[in-house]
2 protein chains.
Amino acid sequence: MIELRRHNAAFCGPCFLHYTRQQVRKAIDEFEMFSPGDRVLVAVSGGKDSLGLWDILLDLGYQADGLYLGLGIGEYSDSSGSYARAFAASRDARLIEIDLPADYGYDIPTGSLAARRAPCSACGLSKRHLFNKAALDGGYDAVATGHNLDDEAAVLFGNVLRWNTDYLGRQLPVLPGEQGFVRKVKPLVRLDEREMAAYCVVRGIDYIVEECPMAEGNRHLGYKEALNAVEERSPGAKAAFYSEFLSKASPLFRPLAVASRDGGLQACIRCGSPTTGEVCAFCSLAERAVALGPTRRAAAGGS
Amino acid sequence: MIELRRHNAAFCGPCFLHYTRQQVRKAIDEFEMFSPGDRVLVAVSGGKDSLGLWDILLDLGYQADGLYLGLGIGEYSDSSGSYARAFAASRDARLIEIDLPADYGYDIPTGSLAARRAPCSACGLSKRHLFNKAALDGGYDAVATGHNLDDEAAVLFGNVLRWNTDYLGRQLPVLPGEQGFVRKVKPLVRLDEREMAAYCVVRGIDYIVEECPMAEGNRHLGYKEALNAVEERSPGAKAAFYSEFLSKASPLFRPLAVASRDGGLQACIRCGSPTTGEVCAFCSLAERAVALGPTRRAAAGGS
């Protein structure tokens, strides 16, 4: 039996799989993420969330391909890539692969040195750019990421702690496609980490269990812990925090986010991506990271 | 030396006292809480915050009297009353006393049984009513409470977790006096719990250290713990959470709170206090609590 305290429910294996798929179906319908005919590109890390999401979308009958981005984070990347490939083979599904060191000449350890910011910052920037590019190049209607309820609640908590009204206005389960940006959707917002881990176990999906070694001790994990302590006392608190935000507070912040974006976008002179400057943030990061060279990369622990 | 990580500072005793008074002075000025000529009634529990606040207001030259409300919570109430009286005597200040069991015929343990809600709910309701009444009867310009930064941040966190837009619109360091409500002010919003404890130690003020036994394990304390875990990793996060709320988010929620209050108030047919119904919530609670009688009171652990 799989017990879900926040729903005051317990499920056997088959009922739990039904419940999980229903939650994804509900999220897709409620937020109008995509339609049955759409081609969806799933950003796959090799972890429980992205592999579970891909599996569910395939079972629900969607045209879902996978995209794996090799980040060059030593053994962690080697191992996560193997899980992604093994899953794709087991489902006979299409997996697109991009390798940051081979295709763009830098890895995340070097990228974060070049950016002089936390590793997760350079990593997020690279992912957003390359997911978007791959989706546009491949003619996909949407990129789906495996952000689950815990992820979204932790991001929300971080934005609320600083009352970052701009980010609060943009934190939605669907970002519409516009001006060179493909639509981005998060179909797992109704499911939490424990549920996704249980889903993979029940379905027999092998995934990389380790957290990314570069994320250790970051703020995001601290926010998750704080919210877990609240959830422990009041089951359901985390889900209410996120869903009530969407229904009651998000509409108040949205106009502020739209206003702050009205700067006007133009094409990056290097890659053509939409940007507010001449060169987009990705091209600028890549240039600096490549300039650091392979010696610095080795010193930073890259492969 | 008293180290304050969030300010990246350390103070000797006299400098710390100066810092503490300055923080109270800043809060009073910034939020226009009251003027030098105003008569202020300090709600005194016998704890570090309310006694520290009273002490600071007297030192800053304000006309501040104390109000002690005996809640009938066994030894806790006996002891907290003694601390309040001893402090008043040491400063030769005026302390008004109201005793809930003697003057109104019920205590908080019985009141919470009658209300069939958490003890802190019946207690808060009783306090709000009696503080307001005492201030109006005594012709005071404002009631000052010892809510500190940790208290306000925890209340804010609770309101944000449920996105209670109505409460969020009303959570301010000053509630203006209107329609039978005296002005309520919180001059300690720039100081945290640890600072108030240090203030009392440096000043040699004896206070009741125990938390109220009826508050044990309540949600509010859980919110404080969660925020403390965040503060531990990022000193200053709690103060930013509260102050950025006031400057950036509160204005968005305020119109909603005003709209929800536009029901119109009338005088309670029992006591004359403003209420939306015929009988105010306090008179209704007191009636039910008195009806439970002394036997039930004893069984509930009341004195």
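FYI, it's all coordinate maths here, none of it is from the lab. Only a predicted model underlies this, so the values are computations on that prediction, with no experimental measurement involved. In this analysis, Cβ positions are derived from the backbone assuming ideal geometry, glycine residues included, and neighbour counts consider all displayed protein chains.
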Under a cut-off of 13 Å between alpha-carbon atoms, report the aspartates and glutamates in cross-link reach of B:Lys248, not counting same-chain residues fewer than 8 places apart. A:Asp166
What is the P(r) of the protein assembly as shown, as percent of Cα-Cα pairs per 10 Å bin from 0? 3, 14, 21, 22, 16, 12, 9, 3, 0
Chain A - mean residue ellipticity at 222 nm from DSSP helices (-39,500 (n - 2.57) per run, n ≥ 4, rounded to 500): -17000 deg cm²/dmol
For chain A: Kirkwood Rh in Å [reciprocal of mean 1/r, alpha carbons]: 20.3
Going 7 Å from Cα along the Cα-Cβ axis for the label, what nanometre distances separate A:Gly180 from the same residue across the other copies? 6.3
At 7 Å along Cα-to-Cβ for each site, give me the label-to-label distance between B:Arg162 and B:Met1 in nm. 4.4
In peptide B:156-162, how many Cβ atoms from other protein chains are near each Cβ within 10 Å, on average? 5
Given the range B:1-46, what whole percent of its Cα pairs are spread farther than 17 Å? 52
So between B:Ala89 and B:Val258, what do we pick up on full extension, going 0.36 nm a residue minus the alpha carbon distance? 56.6 nm
Checking the cross-link filter: which lysines have an alpha carbon closer than 25 Å to that of B:Lys133, excluding same-chain neighbours under 8 positions apart? B:Lys48, B:Lys184, B:Lys186
Got a sec? Which residues in the range A:172-201 would a label at A:Asp38 touch, if it sits 7 Å along Cα→Cβ and we count backbone N under 17 Å? A:172-190
Given a Förster distance of 45 Å, the FRET efficiency implied by the Cβ-Cβ spacing of B:Glu278 and B:Glu75, rounded to the nearest 0.05, works out to 0.75
Considering the zone a paramagnetic label at B:Arg21 would reach in this model (a point 7 Å from Cα along the Cα-to-Cβ line), which residues of the range B:46-72 have amide N under 19 Å from it? B:49-65
Let's test the formula: R0 of 35 Å, r as the Cβ-Cβ distance of B:Phe31 and B:Ser82. What FRET efficiency results, to the nearest 0.05? 0.60
Net charge near B:Phe253, counting Lys/Arg +1 and Asp/Glu -1 over other residues with Cβ under 12 Å of its Cβ? +3
Using the reciprocal of the averaged 1/r over all distinct C-alpha pairs, how large is the Kirkwood radius of the range B:50-159 in Å? 15.3
Cα gyration tensor of the range B:1-92, axes a ≥ b ≥ c as square roots of the eigenvalues: rounded (a/c below 1.5), prolate (a/b > b/c) or oblate? oblate
Classify the range B:107-200 from the C-alpha gyration tensor, please: rounded if a/c falls under 1.5, else prolate or oblate depending on whether a/b exceeds b/c. rounded
Quick shape check on the range B:205-264: root eigenvalues a ≥ b ≥ c of the Cα gyration tensor, a/c under 1.5 is rounded, otherwise prolate if a/b tops b/c, else oblate, and it reads oblate
If you count, for every residue in A:243-253, the Cβ atoms of partner chains within 10 Å of its Cβ, what is the mean? 4
Pick from B:Gly81, B:Gly236, B:Gly46: which residue has the top mean-square fluctuation in a GNM of chain B where Cα pairs under 10 Å get a spring? B:Gly236
Using Cα pairs under 8 angstrom and six or more residues apart, how large is the relative contact order of chain B, in percent? 23
So, in nm and shortest first, the distances from B:Arg162 to its counterparts in the other copies, with label points 7 Å along Cα→Cβ, work out as 2.9
For an R0 of 45 angstrom, estimate the FRET efficiency from the Cβ-Cβ distance between A:Ala118 and A:Asp59 and round to the nearest 0.05. 0.80
What would the Debye formula give as log10 I(q)/I(0) at q = 0.17, 0.19, 0.31 Å⁻¹ for the alpha-carbon point model of the range B:86-127, no solvent? -0.57, -0.63, -0.99
Hey, for B:Glu287 with labels 7 Å out along Cα-Cβ, what do the inter-copy distances come to in nm, ordered shortest first? 7.7
